[in-house]
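Structure, as structure tokens:
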Amino acid sequence: MDAIKKYLGIVWILLGVYAGYDRITDSLTKIASDKLEDRVFGWVVLCVLVPIVVGGLILFGTYAWQEEYDE
Amino acid sequence: MTGKKAKVQPAISKRTLFSVISASSVGTLIEWYDFYIFGSLAAILSSQFFPKDNPTAALLSTLATFAAGFIVRPFGALVFGRLGDLVGRKYTFLVTLVLMGGSTFAIGLIPGYATIGFWAPLLVLLLRLIQGLALGGEYGGAATYVAEYAPENQRGYYTSFIQTTATLGLFVSLGVILITRELLGVEAFADWGWRVPFILSILLVGVSIIIRMRMAESPLFSKLKTEGKISKNPLAESFGKKQNLKMVLLALFGATAGQGVIWYTGQFYALSFIQKACNVEFVQSNVIVAVALLGATPFFVIFGGLSDRIGRKNIMLAGMLLGVLTYRPIYDKMYSLTDLTTRQELSDAQTISRKLAKQPNGDLLTTSTTSHFYSDGLIAKDIEKTIATSKAPNSPSKPELTKAVVLPSRSFWLMIFLVFIQVLYVTMVYGPIAAFLVELFPTRIRYTSMSLPYHIGNGIFGGLTPFIATALVATATKANEVAPGSVEKPYLEGLWYPILVAGVCFVIGLLYLNNKRYTTADD
């Protein structure tokens with residue numbers, strides 16, 4: 001089980017990177033929109049959600065890789 | 001999770017314990033009530049404070065909606081969490097209650113945009129920011145306070161009473177709005193009656209403050225204080241040390257993010273789906289959600305108590321897994337209950353009615369309603385509204401078309417059952433989570449450490465659910481306009497966001513969370 005937790009650390013890091021790429025491209029599209037609601041929503045995702053998801057998952061994955069969550 | 005053996009906690013009488021729970025729960029319930037009435041009355045408030053023809057006011061309106069909903073809640077968690085670990089739980093969550101109640105009351109008193117112009121939306125935004133900060137500080141304090149009084153082996157049961165308050169707050173807010181609207185009439189309510197639920201808040205907050213003032217500080221915090229073991233810098237200890245930060249991340253990605261999306265899907269997206277995708281009329285849709293909420297509320301306590309015996313992890317993860325597996329069939333069934341294409345209309349029974357109403361500004365509002373009757377008892381109304389201004393009475397505005405479906409008895413109860421199932425998932429993920437978070441962190445930095453992952457998970461991951469889900473549905477609908485039939489059932493596309501987040505959270509929780517109770521160094 002500890003080995004699975006450790007190697008899944010890479011998955012969480014990659015998931016963080018992918019989620020960041022996906023959300024950044026999506027929010028940039030929204031920021032360029034004509035609609036005010038879309039623009040605000042785009043900025044909120046870019047400035048609030050992206051740092052938490054990307055930073056959090058990469059850090060969590062790193063800790064998992066470093067076997068910090070082993071029994 | 002230090003592995004040290006737990007110390008024996010002094011026995012607290014059941015009477016004291018329930019006084020503590022009552023004081024904490026009533027205050028938290030009122031905070032949620034205050035928080036929800038703004039959302040429930042958003043349409044009326046936007047016409048009172050944020051006219052659409054003014055771009056600056058419209059920007060403030062959008063910010064006000066986002067701000068308190070989730071952006072500032074984590075900051076409130078940091079500010080008040082730190083305060084709670086430095087000066088104590090009791091005084092901190094007393095301050096948050098005053099801030100929340102005071103700002104809600106003040107929203108009820110702000111003159112409309114027509115009277116004070118730009119100041120109206122600005123003041124509302126400011127008060128919404130205070131509400132969000134207060135909410136960010138309240139929950140952690142209440143959960144910590146109750147948990148620190150409760151016996152170690154019954155923390156799930158006793159803290160679950162706090163967990164009922166969010167749902168009850170929503171229920172009470174819906175109830176107060178519906179009753180006030182019923183008593184005053186739709187027009188008077190839209191004109192000035194919407195202020196009543198806001199102003200009423202001050203009475204409830206006053207009572208709650210009196211109750212809370214009589215309570216003593218939590219025994220565990222008092223003990224730490226006496227021993228001089230209080231943290232000097234809770235923020236640095238919570239997030240600057242790897243040992244604690246790794247648990248904050250585990251709490252976020254292994255529990256609270258999944259809990260947040262399940263919570264918002266069951267309690268908010270369900271209502272929005274019933275109103276917007278299914279077009280069920282305003283009162284009936286609110287009654288559906290209110291009855292489902294009321295029916296499921298006792299399960300917070302049932303699952304909270306059960307978590308003391310079979311583990312918090314098992315119950316929370318089961319709730320997430322059920323959501324992942326069943327959301328699409330549940331929402332598909334909800335949609336089918338109002339799908340007119342599969343029904344037989346009784347064409348002879350169609351009726352048309354017209355109503356004229358003079359607006360306060362002298363404009364004339366014409367409402368034409370065409371009612372279609374179906375063989376199973378369902379009624380679908382096509383409502384067309386036009387406004388003729390006093391300046392140009394002969395050239396009315398472009399008609400505004402809306403649909404409203406009234407469900408027959410069987411479909412109505414089936415819809416309630418489908419929402420009830422979703423709220424049941426909410427009770428599974430949410431009932432045990434206060435005890436889970438409390439046990440994950442040591443007493444000296446507990447308020448700070450647990451508040452942040454809770455409010456990021458609940459507020460940001462969960463709070464974004466309605467917006468991301470709506471955006472996903474819009475993208476799917478647009479794709480179908482370009483290439484018809486390219487997305488099957490576009491109305492279900494919004495569910496991918498909660499399914500994905502809850503799915504990832506389930507896997508992380510399953511592998512990394514420990515089912516046994518975490519024991520902390522100070523307990």
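Annotations
- Condition met for B:S307 (assigned by the TED database to the domain that holds B:Y425, surrounded by 13 or more Cβ atoms within 10 Å (Cβ to Cβ) and in contact with a Pro (Cβ under 9 Å, 6 or more places away or on another chain)): yes
- Residue within the stretch B:466-485 that is within 11 Å of chain A (Cβ to nearest Cβ) and open to solvent by less than 30 Å² (accessible area, probe 1.4 Å) present: yes
- The single condition from (1) in contact (Cβ under 8 Å) with a residue 12 or more places away in the chain; (2) open to solvent by 20 Å² or more (accessible area, probe 1.4 Å); (3) in a helix (DSSP H, G or I) that B:K355 fails is (3).
- Residue list for the stretch B:486-499, restricted to those being of a type outside the set (D, E) and exposed (fewer than 14 other Cβ atoms within 10 Å of the Cβ): B:S486, B:K489
- Every condition in (1) over 23 Å from the mean Cα position of the chain (by Cα); (2) in a helix (DSSP H, G or I); (3) surrounded by fewer than 19 Cβ atoms within 10 Å (Cβ to Cβ); (4) within 14 Å of chain A (Cβ to nearest Cβ) holds for B:A57 except the one numbered (3).
- Of all residues making up the stretch B:365-399, the number that are within 25 Å of B:Q350 (Cβ to Cβ), surrounded by fewer than 16 Cβ atoms within 10 Å (Cβ to Cβ) and at pLDDT below 80: 1
- Residue list for the stretch B:95-115, restricted to those being in contact with a helix residue (DSSP H, G or I) (Cβ under 8 Å, 6 or more places away or on another chain) and open to solvent by 20 Å² or more (accessible area, probe 1.4 Å): B:V95, B:V98, B:L99, B:G102, B:F105, B:A106, B:L109, B:P111, B:Y113
- Boolean, A:S27 is more than 10 Å from chain B (Cβ to nearest Cβ) and in a helix (DSSP H, G or I): yes
Residues checked against (1) more than 14 Å from chain A (Cβ to nearest Cβ); (2) under 30 Å from B:I379 (Cα atoms); (3) free of Cβ contacts under 8 Å to residues at least 24 places away in the same chain:
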| site | (1), (2), (3) |
| --- | --- |
| B:V406 | yes, yes, no |
| B:W413 | yes, yes, yes |
| B:V426 | yes, no, no |
| B:Y430 | yes, no, no |
| B:P442 | yes, no, no |
| B:I445 | yes, no, no |
| B:I456 | no, no, no |
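- Lone qualifier among A:V40, A:V48, A:V11, A:V44 - being on the phi < 0 side of the Ramachandran plot, more than 19 Å from the chain's Cα centre (by Cα) and within 11 Å of another protein chain (Cβ to nearest Cβ): A:V40
- Answer from B:A147, B:A166 - the residue that is more than 17 Å from the chain's Cα centre (by Cα) and open to solvent by less than 10 Å² (accessible area, probe 1.4 Å): B:A147
- Enumeration of residues in the stretch B:235-269 that are in contact with a Phe, Trp or Tyr (Cβ under 7 Å, 6 or more places away or on another chain) and within 11 Å of chain A (Cβ to nearest Cβ): B:L245, B:K246, B:M247, B:V248, B:L249, B:L250, B:F253, B:G254, B:A257
- Pair list, Cβ under 6 Å, 6 or more apart: the stretch B:248-277 residue outside the structural domain of B:V324 (by the TED database) and over 12 Å from B:P466 (Cα atoms), other residue of a type outside the set (D, E) and at pLDDT below 95: none
The values are calculated or read from the model by the stated rules, or taken from the named source; none is laboratory data. Every value quoted in this text rests on a predicted model; they were computed, and no experiment measured them. Every residue, glycine among them, receives a Cβ derived from its backbone with ideal geometry; neighbour counts consider all protein chains shown. Side chains included, ligands, DNA and RNA excluded: accessible areas come from the protein's heavy atoms. Shrake-Rupley method; radii C 1.70, N 1.55, O 1.52, S 1.80 Å.
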